[in-house]
Structures are given as C-alpha cells and as structure tokens.
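Notes follow the structure.
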Amino acid sequence: MQARRDQDFFWEGIDRGELLAQQCDECGQLRHPPQPMCAACGSNKWHGVRLSGEGTILANIESVHPTRRDEEPRCVCLVELPEGLRMVSSVLDPENAENGVPVKFEITEYDGQLLPMVRTAGGGQ
Amino acid sequence: MSAAGQTAITGLGQTAYTKESGRTVMSLCAEASMKAIEDAGLERGDIDGLISFTMDTNADHDLQSSLGLPMVRFTARAPFGGEGAYATFQLAAAAIESGQANNVLIFRAFNERSEARFGQPTYNAGSRRDFHKSLGLVTPGQVYAMWHKPFLDARGMTSEDLGRLVVQMRAWAANNPAAWFYGRPITLEDHQRSRWIVKPVLRLYDFCQETDGGVAFVVSRLDKARESGRPVVRVLGVQQAWPLGESMMYNYYKKNLVFPEDTVHVAKALWAQTGLSPAKIDVSTIYDNFSPSIPISYEGYGLCKPGEVRDAIRAGELGPGGSTPVNTNGGLIGEAYLHGLNNAAECVRQMRGTSPNQIEGAKIALCAGRQCGMVLARE
C-alpha cells in the first residue's frame, strides 16, 4: 500500500471545491502547511476543516518561470487568513494586488491542475 | 552556556572559483581538503574527523579514500547549508572539546554552476501539487524574495537601497583577485539598470554568483595550535539557533515576519559565550545568497539598532572605509557562492592579516548566518 501523505487531504479538498486546513482532534489548534503532529499538544490525531476562504495580502512578487519566459508572469502572494494561518497563493487579478488588500480564494485551474488562487475583493469576475 | 571555545582554525584550502570546473565534485573537494591539511602544517594521519552539511554530496568515506586518511573516528553533518553553514564549526568544536577528535576537516565542494544549479526551476507542469512551487515560487530567488519583502517594506528600503548595498559589496570584490567580479566595481546606476529577476525585490545584481569550486578548513585543539608556532585563529564562539516557526527557505509561517528571531538568538548566545558585544567586532561576513539577506542579519546581530540598517547602508558603513566592514571578499554576491563557507574563509584571512582588503588591526571577526554564527579571534 502506498503511504498516504499528510497533505493529500488538502488536495482532495481542492478537487472537491473546498479549502481545508488541519485541525488537531485533541486541542483544536489549526495548522498549515500540513504535518503529522500537532506542535501545540503533540497529538497525531487530526481532521480537515473548511476555511472561510477569505484573507488579506501581506506581500506579493512577480514570478517569471526561468524556462518559460514567454508566458505571462504570475503574481505570487502571501495571504493572512482570518483563522490565524498563512498561505502562499497567486493572484488572478494582479493589477489590484497590494499589501493589505482583502482577497477571496477561488479554486482555479493552472497548467491542468486545480490550485487555491485568490482574487482581490474589488477584482470582480 | 558553554565557555569560550577551545578550538582554532589551523588550515584553510580552496580551489579556483569558476563557472565551469570541468572536473568531478570529489576532485574539487579533495583538492581543497589537501590544501587545508597542508596549510595547517599537518599530515594526513593527523586528521581524524570529517564534517560537512547535509546538502553536500561528497560522501565522507569517498573523501577519506581520495585523501588517504588512515583513520577517521568522528563524522557529522549540520542541517542544510547556506545560512546554517557555520554550524559545522560548532560540530567540530563539540567533537574536539569532548575529546572525540583532534583535527577535524570541514569541507564543501560542488559544481553548482555547471552541473546542479540551485537557481534552476524546481517545478514544471505536471509536477505533484505543493504549497509553494505550484503557486509560482519555483526558484530560490522567488522563495526568498517573498519573505524579504515584508522586512524591506517595514524598513522603508527600496531597490535603490539594495543597490547602494551591492555597490559596497562589489567595491570589496573589485579588489579581490579570487572574486568573480575582481576589477569590476559597479555604480548605483549600473545596479538599477540590471534587469529584474524577481520584481519588485531582486534585480540581477542582487543575486550571488553561482560557482563551481571547493573550500575546506582544518579545526584543531587550541592548545596544540598554540604549540605549533603557526598562525592561530581561535574559534572564540560558535552557536546555532532554530526557534520553532522559523524556516530557512519557506519562512512565511512565523509569528512576526519582520523580526529575525533565529539570528537574534544566535547573536545573544554568541555574546554570552564570548563576553563580547557587537561594538567589539572589527570585521564581519554576512551570508548573502541575495542582497536582502545582509540587512536582515546586520540588524539581527546588532551591528546597528533595529530599524537603522537603511541609514547604515546609505552612509556606506558596510563598504570600504565604513565603520562596520561587511564581506570584505565581496561576499557571495561579489566573490563566489561556495554556499557560505567562502565567507568563513574570508574571516580566517582577516584574522591572519592576509585578506586582499585587510582591515588594519582587526582582531575579532564575526562570521554570520541567520541560523548560526561564529566569532573568530586573532592571537
């Protein structure tokens, strides 16, 4: 049997349209990125919980793939979540990406894979 | 807290730093190692310990075989490399001060430019999804710039301020014959004209010089080093600190993005171990894979007050003629990227009085990384 990885639940959630984080069964602490044990209490029992899907941009940079220079650069951002976690994401409307701007997660296909990307609150669709 | 160190760096060896060595990595490693042993005035039979860090690919026993070391009794690896590279000297001190080794060889060699470039993308279409690469952080420059940015923003530092810093690093390199940028100083305008690699943080000249080469050191018992009659560079203190939540590369999840907690803890432990303070440091090297690494650690080690690094850079304090000379070899940006250990080599040269940019009368050197640091003293 192939070993199940700690982050598999997250990507299974993304494929179902859900943004998840790990929550400790014992003490309730949320954590991201995934790891097998709760750093707060030491329990290795956990479950996935749905996040609000909201957040705020803390920083953003332009990412050019070194071997795919002809493609549009991606705007990669660090997002502070109201649940007290942070996630790295990329911005669907880079022209609005600024520090402190509120964003909402939109699960979006990139390179044939579904990813947790964000759009700014004023960005519309 | 352990007492001031009882070890000395007795040997230093390095290969030429190139962009294409045309040789195996073990060939580079063995050359640097043998030069370090000879520089220490030792025989191969005197070396009984081998230390590197986990990212080095030279197997201890292959190196032993190439060098013909008759007996090795101690081996160890410090985590990763880079910002943690100087932890190797703490492992060497632990081995020697506990009587488990007498002369430890520290080595690092790679064909980082011609064979296995760190700067190449680590993610391509079809790779398994993850939390960083899939979202667009595919090179080290991007990975680091994402958490450099909050610090730079908090300090009001712009690309021009990084340019002022790089001008100072390149001024040192311009006078170092071993440096890639020997004889090639730049102006702020040159820096600002260099192309963006990771907008709006890193331009081309903010990057270190990916390099092929090797560097090695011999660390010995202090009492034996003193008896040898050769130059003694004492390892006065060496410390690591890895506070929970800090990460060497993906440093996005710690509580305070702007506070270099790891570095502050390393510095505090170093001053406690050595009885020194930042004001006693005559010359420093600071790990500079990218230019923003310098201001973060400069503040973290207390070389200025928190929040004042921009002023120090604008006043030219880190360059030639400055009050706190940093990376007098040109650093990883100006000399070569030997994963941090060429900066340790420069500290050794400063303490021996043999740097191409020798600081007059320098007696104490700080070799700084984010998660480890070392203080050397000239005897």
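The values are calculated or read from the model by the stated rules, or taken from the named source; none is laboratory data. Please read these numbers as outputs of a predicted model, since none were measured by experiment. We place every Cβ from the backbone using ideal geometry, glycine too, and count neighbours over all the protein chains shown.
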Taking into account only those residues within region A:99-125 that are modelled with pLDDT under 95 and away from chain B (no Cβ under 11 Å), which is surrounded by the fewest Cβ atoms within 10 Å (Cβ to Cβ)? A:GLN125
If I ask for residues that are aliphatic (A, V, I, L, M) and not in a loop (DSSP other than H, G, I, E, B), which ones from region B:300-328 would you list? B:VAL309, B:ALA312, B:ILE313, B:VAL326
Name, by its number, the condition in (1) closer than 15 Å to B:ALA4 by Cβ; (2) buried (at least 17 other Cβ atoms within 10 Å of the Cβ) that does not hold for B:ASN251. (1)
Going by the conditions given, is B:PRO150 within 14 Å of chain A (Cβ to nearest Cβ), in a helix (DSSP H, G or I), out of contact with any helix residue (DSSP H, G or I) (no Cβ under 7 Å at 6 or more places or on another chain) and of a type outside the set (A, V, I, L, M)? yes
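Each row is one residue, and each column tells you yes or no for (1) surrounded by 12 or more Cβ atoms within 10 Å (Cβ to Cβ); (2) in the same structural domain as A:PHE105 (by TED's automatic domain parsing); (3) β-branched (Val, Ile, Thr); (4) modelled with pLDDT of 95 or more.
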position: A:ILE14; (1), (2), (3), (4): yes, no, yes, yes
position: A:GLN22; (1), (2), (3), (4): yes, no, no, yes
position: A:CYS27; (1), (2), (3), (4): no, no, no, yes
position: A:PRO36; (1), (2), (3), (4): no, no, no, yes
Farther than 19 Å from B:PRO177 by Cα and hydrophobic (A, V, I, L, M, F, W, C), is that true of B:VAL348? no
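Okay, residues lined up against (1) closer than 22 Å to B:THR328 by Cβ; (2) under 17 Å from the mean Cα position of the chain (by Cα):
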{"position": "B:VAL258", "(1), (2)": "no, no"}
{"position": "B:THR263", "(1), (2)": "yes, yes"}
{"position": "B:SER291", "(1), (2)": "yes, yes"}
{"position": "B:PRO295", "(1), (2)": "yes, yes"}
{"position": "B:GLY300", "(1), (2)": "yes, yes"}
{"position": "B:CYS304", "(1), (2)": "yes, no"}
{"position": "B:ASP311", "(1), (2)": "yes, no"}
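Considering only residues that are hydroxyl-bearing (Ser, Thr, Tyr) and part of a strand (DSSP E or B), look in region B:4-40 and name the one that is modelled with the lowest pLDDT.
The residue in question is B:THR18.
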Mind checking which residues of region A:12-66 are within 12 Å of chain B (Cβ to nearest Cβ) and touching a Ser or Thr at 6+ places or on another chain (Cβ under 7 Å)? A:PRO66
Inside region B:364-379, can you point out the residues that are farther than 21 Å from B:VAL266 by Cα and either in a loop (DSSP other than H, G, I, E, B) or small (Gly, Ala, Ser) (or both)? B:GLU379
Members of region B:117-142 found to be within 21 Å of B:LEU204 (Cβ to Cβ) and assigned to a loop (DSSP other than H, G, I, E, B), listed by number: B:ARG117, B:PHE118, B:GLY119, B:GLN120, B:PRO121, B:THR122, B:GLY136, B:LEU137, B:VAL138, B:THR139
When region B:121-136 is examined, which residues are found to be more than 18 Å from A:ASN99 (Cβ to Cβ) and either facing chain A (nearest Cβ under 7 Å) or of a type in the set (A, V, I, L, M) (or both)? B:PRO121, B:ALA125, B:ARG129, B:PHE131, B:HIS132, B:SER134
Using the structure shown, decide if A:ALA59 is part of a loop (DSSP other than H, G, I, E, B), over 18 Å from A:PHE10 (Cβ atoms) and modelled with pLDDT of 95 or more. no
Of all the residues that make up region B:215-244, how many are away from chain A (no Cβ under 14 Å) and either farther than 25 Å from B:ALA92 by Cα or part of a loop (DSSP other than H, G, I, E, B) (or both)? 6
Of the candidates B:ARG155, B:ARG117, the one satisfying the condition of being more than 7 Å from chain A (Cβ to nearest Cβ) and at pLDDT 95 or above is B:ARG155
Within the set of pairs 6+ apart or on separate chains, which have a first residue in region A:66-81 that is closer than 19 Å to A:GLU98 by Cβ, a second that is among the aromatic types (Phe, Trp, Tyr), and C-beta atoms under 6 Å apart? A:LEU78/B:TYR252
Checking the structure you have, find out if any residue of region B:189-200 is out of contact with any Asp or Glu (no Cβ under 7 Å at 6 or more places or on another chain), modelled with pLDDT of 95 or more, surrounded by fewer than 22 Cβ atoms within 10 Å (Cβ to Cβ) and under 19 Å from A:SER89 (Cβ atoms). yes
Search result, residues across region B:245-259 that are within 14 Å of another protein chain (Cβ to nearest Cβ) and either within 12 Å of B:GLN371 (Cα to Cα) or outside any loop (DSSP other than H, G, I, E, B) (or both): B:GLU246, B:SER247, B:MET249
